[in-house]
Every structure is written in C-alpha cells, then in structure tokens.
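Peer 1: Structure below; questions to follow.
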C-alpha cells in the first residue's frame, strides 16, 4: 500500500503548487460559493471530471456486463470454456487469432476469448468476495481496536503488525498449503489475510471521528456504543473504506492470478486468467497469444480498478496516510 | 560542496546608493497568479521606499498580500503560476526584476535576507545548525568550512544562544522555538545584509518570546545599521519598532505613513478596524474590542469599487462604484479612502483613543530617512 | 539512539513470536499424519516409526535422545506448547523439518543449495530498483509534467497493474524470441536458468531479465515514492529558507532536498528486500531460476507441504530480520530519530 501514501503526498503537493499563499485560499473561496451540495453529489461531480477514473469505471462496467451475460451468448458463438470436442480437437488446436477465433484457440481447441470471458467471472468474484471478507473483518477489528482502545487496541494492532510482517503472497501460499488449493480456499485465504490494512485505516478514521463533538453529543443523549458506531462513525468513514476496497479488488485479482499461475488457486479445467498464462507459457515462442491475451485482461482490469480507486480518493478527498 | 562563485563581481552592497535613490524602492509592483480558477491579483500596486537603519512595518490580515509582495521582491515566487504584471523593484538603483536568476542568487542572503514565520519548519532537520549557518558565508564570502564554523559560533553568541561552541553541532529539533528563531536571525544576518525581511517572525512563538525576538532584531539593527521590513498581521507588534507602516488589504496598500500617523492620525476605516482590534492594556478609556466583520475578499473576483467596501461600516454608493485612488493626507502619508480628507467623517469615526492624542505632532516627523 | 535500537529490538520479539506461532500452527494443521506421509506406501516397523516421531518431537524423549515411555510402556505425546518451543529452537538452529518427497532429506539442506541463487538475484534486483527507481523518480519530480514525468508515471501505473510473471514472459518473448529471430540469432538475452553455479562474470547476462522482472513492481513504487517525496520536500519551508540564502536550484536539490527525500525511499527499498524474496517464487518459476523460489514452486506442484512451509518460513524470518536492520539503520540516516526528537516534529 506504499503507493497510496505516495499518491496522497503527491496530491498534497499539487495543492501547494502555488506555493503557499492566498491564491489557493482565494480560489477555494470561489469554489465554496458556487457549489455547496452533499458530499456524494460533490464527489460524483469531481469524479466525472477525472477522465482516467471514468475510463476505468466504464471498463469495469463493461467487464461486469460481459461476465454476467456470458451464458446468454458466449456458448452459442464461441463454444464452451471448459469442454473439449475430441473429434475436432486436433485440427482446432492452437489456431492463430482469426475472425472466427479473435484470440485464437488453446491446445485443447477451446476458444481463448471464450475462456478469457469466463475467466473474468473468477477474477471478479475473487476480487469482490475476498475484498468483502477482508473489509468486514477489517471493519470489525478496526472498530474494536479504536472504539474500546486500551488492551483491545494493543492486542489487535499487534496482531495486525504480525500479519503485516508476513510477506502477503507468502502468507497466502502458506495458508493454501495447509487448507489445500481450490477456488473457495483462495477466497478465504485472500479474504482473511487482507484484514490488517483495512483495520488500520478504519481504526484511524474512527479515532479521528471520535474526537468530534457530535459523537460526544450522541453519547450524552444515551446512544449505545453499537448505535454510535453504526449511525455516526461508520457513515463518516465510508469514503475511506470505499476507496480502500476499490483498490483492494485490483490487488486481490493479481494475487488470485499469481496463485492460479503457481497451481495453488483455481484448478483446471476452470478458466482462470492465471492458469491460462501458465498454460500458454509452454508455447511462448510459437503461440504467444495464449499468454498475451489473458495477461492483457488482467492488466486492463487491475488498471481500471487502480484508476477508479485513485479517482475516488481524489474525489472523496481521502487522506491515506497510514497504510 | 558548493560551486564557489568564480566570476569577479563587485557586491552591490558595497556600492553607494545613487544620488536621489533610496536603498530599496518598490514602485507600483504588480504580481498576479494565473490559475485555473482565474487570475489572482496577489500583489496589486505596492509602492514604498526604504533606507538603511529604517524599519517598515507591513500590516494586514492573512491573504492581504503582504508576504507575497516580499517573496516577489526576493524572487521567491514560482513563475508561472506567478507573473509580474507591472512596476519595478530597485535595490541601490538597480532593478531586481530585470536581474538574472544568478544575479538574484548573489543578492539573496547577501544583500537582502529573509526570515520566516515558522522557525520549526524553516530549518533543515537533517543538518546541524552550524552547517546551515555557515552555508551563506561559504556561498557568498567563500569561507572555508572551518572559517564558516568559527563565524557560526560567533553569530550564535551574538544572538544570545548560550554555550554556542556546543550548540553549533546540534540539530534543529534540539532547539526550542524561540531559540530556532534566534538561529534564523543569526543565519539571515550572517552575511551582513542591507535589508532584513522578517515575515511574521514572532507569530509562531510564545508571547514572552515574541518580545525578546523583536528586541533582538532591534539590537542587531542598531549594531549593523540594516533596514528591516517587518511583516505582521498584528499592528501591536510593529507599534514600537516601525518607523513607517504600510497597511495592506487585498493585495493593495490602503494606507501608508509614519508609525505616528498610522496610530494617531489614520484616515482609512480598515486601519481603524485594525487599531480597534488591538487589546491595549494602557488605554485609559475602556472601549470594546471590535473585530472587523466578514472575511477578506477573493482575490479572483474583487468587489467593484473599494475592495474594503463590503466590510466597511461607512461604505456609500460611491465606495461601491468607484475605486479610490491615493489621497495624500500628509507629505508622506496617503490613504485610499474617498473620505480621507473629510475632517468631520474622520473625526466622527476614527478610534477615540487615537483622536484624543491627535494633538501630538503627527506630521512633524518625516519618514525617518537616515 | 541506543534507546531507539533497544525499543525496536524489543518490539521485534513479539512479532517474531507471533509469526512463528502462526507458522507453527499452520504446520501442525497440515492434514494427515506427517509420518504416514513420509512413509508413503511403505509399512514402517514400530521402532522406526517411533524414532521418526521422536525426531519430529511428536513424542517426548529423554535428555540422551532415547524415547520416553510412560508406566504402561506407551510413548508420551509432546504437549503443543513444548513442541512450539522446540520448533522455535529448531528454527534458530536451522532445523526446518523433513521433505515428504525427497526421501527424508532435510528441508534446510535442500534450501541451502538454492539460497545463493535467490540472494544473488535479489541483490541485482535491488540495485536495479534503487538506481532506476530513484533516478526515474528524481527526473519525474524535477521535470514535472514533462514528457519524462508522464512517461514514468504511465509506466509505473502499468508495472503495478500487471502480474510480474506476465511481464517476465513478455520480456522473454521480446528479448529471447523476437530479438533472436530479428537479428538472426546474433543478439538475444537468455531466458532460462542462471548460467553456471558460481556466478562467474560471463553469467551476468542471465541476470538481466529475471532481475528486471523481479524488480519491476518495486521499481515502480520506488519511482512514485521518490517523486512524491521530492515534490513534498521541495515545498518545505526549509527549502524556501535555502533559496532565500541565495543557493542555486541545483545546490538546493543536491544538498537540501535529496537527503530529506531519500530517507523514506531508502527505507522502502530496504523493507522491500523481503518483498523481492517473496516475489522470487513467481519470477524464478518463469525463468527456471534454480533458487528457493523455483524450488518452492516445484514443492507446490508435488504437494510437498513441509518443503513449502520451510521455504516460506526461511523467507519470512529473513524478511523480519532485514526489516529490523533497516529500521535500526534508519536512526543513522535521520538525526531526529538518532537524538530522539518528539514524534510530532518529524
């Protein structure tokens, strides 16, 4: 997450281009007069102006639509992503890209585009589900640490330190070595091991919000702890969480690809992008599209999430100091 | 280390001020920032003169352009987004604005030095005090490392830092805020500059330390005969030390005069507002502290007419329609208010405390040329 | 400074214990009885089996190494906590257990052969990362919004968004296949193996592609951090002070900005050595590099979990120790830490 820190500072610098003085404040005053809507309305307006973020969002939308509707049109046009027709396999094996097979075919005569499309389902599922698991875990841990403080805080944050001291990919590999390879286990491993960074972020967000008077006011009116967290603290931390989760999806997709590439993730014949790259490695010199196409799919999708995450961070004005 | 300045150059500082010129002449200086949101008129027609031994106080709220004006004079504004839109700055008769960056480097720190508001962040945390103090000497005077260190010890001693031989090896974070500002002053005075520009030198310090720092600057001025530009938002700070005072509002000087004139004979409602907001324990009469209502205007969209009119309690239609020019109320005293010469208006609305002393010889003193 | 170092070392202890506890738990949850797995289809006689169990500390032994029996003549299972301490003790002595597949060869002896390759590769990668990353970051910051800045920003966004192993394959494709074809075999870079076992001078070409692949992601981050740090430092008040002293831009960058900006970058690079070792699994797999990473990959495909966990353990411990060293050496770079300045002034 070091890049986040870097980018935040970058942003701070951008704000300071004028050096120092009244110019910026003056401009801000102008802005303040022209637009005073809700936080999300403002953020959306700012996001819309960010071209790269919009490109990222459109690409993600496109990938989601394709992944969700694949069953409706892919089997009829491109064939099955997993099954092979042994009768025609030999003559269809590793065909170069053509009108009929835009991305070519693989060794077993399956259409690569078809497999890339079905692969997007796995990547998106892992990205979203694993992120959901780590976010929920992270929120619970972060809330416990920040809200109750003291010994809870020490234990949870020490635990987070320990988890973060572990190189992430290695940790996932070690865990999969124990619980066994396979798609569900990939969800679980990536999901469970991702909690510390979200917990840290949520914790510091809560600590900031907790200082605010309205939290004291709510407490004075007799609101319960859970209610205070749910009604007052959580809504004020949503921006940070949204930005983190978005960026986390991209890195979860990369981790899944790496695990599948190593043979610890999704198992054949399921069409994971990582597996497809591994399969294509053998034919690097002769049929390079076998590894290039799924790689491009990963690159564009992860890049899209990164760009969207960056855009959201700027639009929501999230400071990402401690991750 | 540094590339020693090899070109032989007569220091401007050693040349006499040309006949009829002042040490520093700022002449209708205009510097605007060109931003995405529009043109910010940060410095909009500032003029003053300064001579050796003099102290000029520059007073105004934050955002009034007092710091930017002097950063412009020092050539410390990035261009772009900044751009000089007109006017001139002459030092010993030579235009600073026309100088190359290399020439300006010779001026900075050597002829004109500057200290800044926050001594906590103005010193480089990873170098010792001695290294930072000696830097200017090595650059401008070609001192060796040893000579620079020796001189640094003397400078620290001069600004009243105890045990200078030891402290010179310390790092900035080992000094307190007041001590750091003393170091900044020593650093600025290292090359014996003609002019010391102090940008809110005491704002970040405790009240008790503030007085010490001001006193130190005065002492040094007596010893070296340099001129001082004291930039502050607090009229009280310059009350005792300034010979002349320039009151700035929205990038523009609204009143200029001797300290006496500004305090006891001011004719601009903004100056009155500043005076009214000084808590003064020696005032004989009790009077409520009246803050100036509202905020400084956006420098992108200045109000039409007088820039102060939206906040001025006495503003008339004329004020809102027509920008007042400089109205001379004394030989060296001007004010940018349509009603500056309206005796009844001034008598009725000026702060009572200054009126009561109006009998004092307000116009007697001239700018205090040396 | 002594206080700072002691504090860091003391903070290291619970993290070390925690990490080893996690590794130990993982190892002891591995499904199946390790002895059965080692034996495979062979039938073990009870004496051999008990000896094996004793060597794994699964049952208690006397001080002289003989197996302890209770009054009924049964072996005694070692309690978990004791096994954990024996495990940590073994770890400190380099005992990482026994491989399932390689007929009882110890994990540490397998890894010992492979380690030099990985370390050499990581060192070359870290040099590449430092030189290219810092260089690109500085150029990017000083020539802000120029072609180079946009190029570096764009490239670093690509590098962090693509799988490193895929980048490695693209490099293989271009430098190993395409270039070879285009020049008729006159010029190309090797895409497999590490040359000879002794890292002789002529073997250096083997390092280029794998080291670049391994370094790519970190290089991108280094460039980003360097850029943003330098931009931030150039906005600091003390830079303005230096300008006001009459220093030239060049002197300011070299003498005032770089040292401050480099502190976090150097820390990042130091901390990243561990990341490089971890990333070596993928890179070495792509380039058939005979190091720990490739060995781990082979162990994964052969389901040799003790070997997988063993190499993960070694990498993790090395990473933690390196991080500790980097943390401590931070004190030598930054006087504010060396002399214990309050945190808010850093």
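The values are calculated or read from the model by the stated rules, or taken from the named source; none is laboratory data. Keep in mind that what you see is a predicted model, and the values were worked out from it rather than measured. Neighbour counts are summed over all protein chains in view; Cβ atoms, including those assigned to glycine, are modelled from backbone coordinates with ideal geometry.
Peer 1: Please state which one of A:162, A:173 is at the interface with chain C (Cβ under 8 Å from one of its Cβ atoms), touching a helix residue (DSSP H, G or I) at 6+ places or on another chain (Cβ under 8 Å) and either closer than 23 Å to residue A:125 by Cβ or at pLDDT 85 or above (or both). Please lay out each step first, then the result.
Peer 2: Values: A:162 fails: either closer than 23 Å to residue A:125 by Cβ or at pLDDT 85 or above (or both).
It is A:173.
Peer 1: A further question on this structure: Would you pick out the residues in the stretch B:63-74 that are more than 16 Å from residue B:238 (Cβ to Cβ) and either more than 10 Å from chain A (Cβ to nearest Cβ) or surrounded by fewer than 24 Cβ atoms within 10 Å (Cβ to Cβ) (or both)?
Peer 2: Restricting attention to the stretch B:63-74, the residues satisfying the condition of being more than 16 Å from residue B:238 (Cβ to Cβ) are B:63, B:65, B:68, B:71-74.
Residues satisfying the conditions are B:72, B:73, B:74.
Peer 1: Follow-up. Of the residues B:179, B:184, which is within 22 Å of residue B:223 (Cα to Cα) and either in the same structural domain as residue B:95 (by TED's automatic domain parsing) or surrounded by fewer than 23 Cβ atoms within 10 Å (Cβ to Cβ) (or both)? Steps first, please.
Peer 2: Values: B:184 fails: either in the same structural domain as residue B:95 (by TED's automatic domain parsing) or surrounded by fewer than 23 Cβ atoms within 10 Å (Cβ to Cβ) (or both).
Criteria check complete, one pass: B:179.
Peer 1: Looking at the stretch A:189-211 only, could you name the residues that are touching a residue at least 40 places away in the same chain (Cβ under 8 Å) and surrounded by fewer than 19 Cβ atoms within 10 Å (Cβ to Cβ)?
Peer 2: A:192, A:207, A:210 - these are the residues of the stretch A:189-211 that are touching a residue at least 40 places away in the same chain (Cβ under 8 Å) and surrounded by fewer than 19 Cβ atoms within 10 Å (Cβ to Cβ).
Peer 1: Which residues, taken from the stretch C:285-307, are under 15 Å from the mean Cα position of the chain (by Cα) and within 14 Å of residue A:176 (Cβ to Cβ)?
Peer 2: C:296
Peer 1: Give the stretch A:176-194 a look and list any residue that's away from chain C (no Cβ under 11 Å) and at positive phi, or say none.
Peer 2: Selection gives A:182 alone.
Peer 1: Could you list, in sequence order, all residues of the stretch A:251-287 that are under 18 Å from the mean Cα position of the chain (by Cα) and at the interface with another protein chain (Cβ under 7 Å from one of its Cβ atoms)? Steps first, answer last, please.
Peer 2: Applying the first criterion (under 18 Å from the mean Cα position of the chain (by Cα)) to the stretch A:251-287 yields A:251-260, A:265, A:272-274.
Those that are under 18 Å from the mean Cα position of the chain (by Cα) and at the interface with another protein chain (Cβ under 7 Å from one of its Cβ atoms): A:254, A:257, A:258.
Peer 1: From the list B:288, B:253, B:324, which one is modelled with pLDDT of 85 or more, out of contact with any helix residue (DSSP H, G or I) (no Cβ under 8 Å at 6 or more places or on another chain) and over 30 Å from residue B:116 (Cα atoms)?
Peer 2: B:324
Peer 1: Pick from the stretch C:31-49 the residues that are within 14 Å of chain A (Cβ to nearest Cβ) and at pLDDT 60 or above: which of them is surrounded by the fewest Cβ atoms within 10 Å (Cβ to Cβ)?
Peer 2: Step one: list which residues in the stretch C:31-49 are within 14 Å of chain A (Cβ to nearest Cβ), which gives C:31-32, C:34, C:37.
Now restrict to residues that are at pLDDT 60 or above: C:34, C:37.
Details: C:34: 19, C:37: 16.
Taking the candidates together, the pick is C:37.
Peer 1: Can you name the residue in the stretch C:244-287 that is surrounded by 24 or more Cβ atoms within 10 Å (Cβ to Cβ) and without any contact (Cβ under 8 Å) to a residue 24 or more places away in the chain and is also farthest from residue C:228 (Cα to Cα) among such residues?
Peer 2: By that ranking, first place goes to C:281.
Peer 1: Let me ask something else about it. Residues B:87, B:93: which one is more than 14 Å from chain C (Cβ to nearest Cβ), surrounded by fewer than 17 Cβ atoms within 10 Å (Cβ to Cβ) and on the phi > 0 side of the Ramachandran plot? Reasoning before the result, please.
Peer 2: Numbers: B:87 fails: surrounded by fewer than 17 Cβ atoms within 10 Å (Cβ to Cβ).
Of the residues listed, the single one that is more than 14 Å from chain C (Cβ to nearest Cβ), surrounded by fewer than 17 Cβ atoms within 10 Å (Cβ to Cβ) and on the phi > 0 side of the Ramachandran plot is B:93.
Residues checked against (1) buried (at least 24 other Cβ atoms within 10 Å of the Cβ); (2) within 11 Å of chain C (Cβ to nearest Cβ):
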{"residue": "B:36", "(1), (2)": "no, no"}
{"residue": "B:49", "(1), (2)": "no, no"}
{"residue": "B:76", "(1), (2)": "no, yes"}
{"residue": "B:109", "(1), (2)": "yes, yes"}
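Peer 1: Now, a different point. Consider residue C:204 against the criteria (1) more than 26 Å from the chain's Cα centre (by Cα); (2) surrounded by fewer than 20 Cβ atoms within 10 Å (Cβ to Cβ): it satisfies all of them except one. Which criterion is unmet?
Peer 2: Unmet condition: (1).
Peer 1: Right, next: Anything in the stretch C:52-75 that is at pLDDT below 75 and not in a loop (DSSP other than H, G, I, E, B)? List them, or say none.
Peer 2: Within the stretch C:52-75, C:52, C:53, C:54, C:55 qualify.
Peer 1: Being part of a helix (DSSP H, G or I) and either free of Cβ contacts under 8 Å to residues at least 12 places away in the same chain or more than 9 Å from every other protein chain (Cβ to nearest Cβ) (or both) is the filter here; which residues of the stretch C:142-157 pass it?
Peer 2: Filtering the stretch C:142-157 down to residues part of a helix (DSSP H, G or I) leaves C:142, C:147-157.
Result: C:142, C:147, C:148, C:149, C:150, C:151, C:152, C:153, C:154, C:155.
Here's the yes/no breakdown for (1) closer than 26 Å to residue A:296 by Cα; (2) at pLDDT 50 or above; (3) in contact with a strand residue (DSSP E or B) (Cβ under 7 Å, 6 or more places away or on another chain):
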| site | (1), (2), (3) |
| --- | --- |
| A:18 | no, no, yes |
| A:28 | no, no, no |
| A:34 | no, no, no |
| A:62 | yes, yes, no |
| A:71 | yes, yes, no |
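Peer 1: Considering only residues that are within 37 Å of the chain's Cα centre (by Cα) and within 7 Å of another protein chain (Cβ to nearest Cβ), look in the stretch C:230-250 and name the one that is nearest to residue B:198 (Cα to Cα). Let's see the steps before the verdict.
Peer 2: Here is the first cut: in the stretch C:230-250, the residues within 37 Å of the chain's Cα centre (by Cα) are C:230-236, C:238-239, C:250.
With within 7 Å of another protein chain (Cβ to nearest Cβ) added as a condition, the list becomes C:231-232, C:235-236, C:238.
Numbers: C:231: 26, C:232: 24, C:235: 20, C:236: 18, C:238: 15 Å.
Taking the candidates together, the pick is C:238.
Peer 1: Then there's this: Looking at the stretch A:228-250 only, could you name the residues that are away from chain C (no Cβ under 14 Å) and under 20 Å from the mean Cα position of the chain (by Cα)? So that I can check it myself, show each step before the final result.
Peer 2: If we filter the stretch A:228-250 for residues that are away from chain C (no Cβ under 14 Å), which is where we start, we get A:228-245.
Selection gives A:237, A:238, A:239, A:240, A:241, A:242, A:243, A:244, A:245.
Peer 1: A further question follows. Before we move on, is residue A:300 facing chain C (nearest Cβ under 10 Å), surrounded by fewer than 22 Cβ atoms within 10 Å (Cβ to Cβ) and under 30 Å from residue A:237 (Cα atoms)? I'd like the intermediate steps shown before the answer.
Peer 2: On the way: facing chain C (nearest Cβ under 10 Å): yes; surrounded by fewer than 22 Cβ atoms within 10 Å (Cβ to Cβ): yes; under 30 Å from residue A:237 (Cα atoms): yes.
The answer is yes for residue A:300.
Peer 1: What single numbered condition from (1) more than 9 Å from chain A (Cβ to nearest Cβ); (2) not in a helix (DSSP H, G or I) fails to hold for residue C:191?
Peer 2: Checking residue C:191 against (1) more than 9 Å from chain A (Cβ to nearest Cβ); (2) not in a helix (DSSP H, G or I), the one that fails is (1).
Peer 1: Looking only at the stretch C:297-316, filter to residues that are surrounded by fewer than 18 Cβ atoms within 10 Å (Cβ to Cβ) and assigned to a helix (DSSP H, G or I); which one of those is modelled with the lowest pLDDT? Explain how you work it out, then say what you get.
Peer 2: First, pick out the residues of the stretch C:297-316 that are surrounded by fewer than 18 Cβ atoms within 10 Å (Cβ to Cβ): C:298, C:301-303.
Filter once more, so that each one left must be assigned to a helix (DSSP H, G or I): C:298, C:301.
Values: C:298: 86, C:301: 79.
For the stretch C:297-316, the residue satisfying everything is C:301.
Peer 1: Then there is this: Only one residue in A:261, A:305 is closer than 25 Å to residue A:185 by Cα, free of Cβ contacts under 8 Å to residues at least 24 places away in the same chain and in contact with a helix residue (DSSP H, G or I) (Cβ under 7 Å, 6 or more places away or on another chain), so which one is that?
Peer 2: From the options A:261, A:305, the qualifying one is A:261.
Peer 1: Right, here's the next one. Mind listing just one residue for me: the one in the stretch C:145-171 that is over 23 Å from the mean Cα position of the chain (by Cα) and surrounded by 16 or more Cβ atoms within 10 Å (Cβ to Cβ) and, of those, farthest from residue A:294 (Cα to Cα)? Walk me through it before giving the result.
Peer 2: Going residue by residue through the stretch C:145-171, those that are over 23 Å from the mean Cα position of the chain (by Cα) are C:145-155, C:170.
Keeping just the survivors that are surrounded by 16 or more Cβ atoms within 10 Å (Cβ to Cβ) gives C:149, C:152-153, C:170.
Values: C:149: 29, C:152: 25, C:153: 24, C:170: 12 Å.
Taking the candidates together, the pick is C:149.
Peer 1: If I ask for residues that are outside any helix (DSSP H, G or I) and within 9 Å of chain C (Cβ to nearest Cβ), which ones from the stretch B:120-156 would you list? Break it down into steps so the answer makes sense when it comes.
Peer 2: So in the stretch B:120-156, the residues outside any helix (DSSP H, G or I) come out as B:120-128, B:142-144.
B:120, B:121, B:122, B:123, B:124, B:125, B:126, B:127, B:128 - these are the residues of the stretch B:120-156 that are outside any helix (DSSP H, G or I) and within 9 Å of chain C (Cβ to nearest Cβ).
Peer 1: Of the conditions (1) under 30 Å from residue C:324 (Cβ atoms); (2) part of a helix (DSSP H, G or I); (3) at pLDDT below 75, residue C:3 clears all except one; give me its number.
Peer 2: (3)
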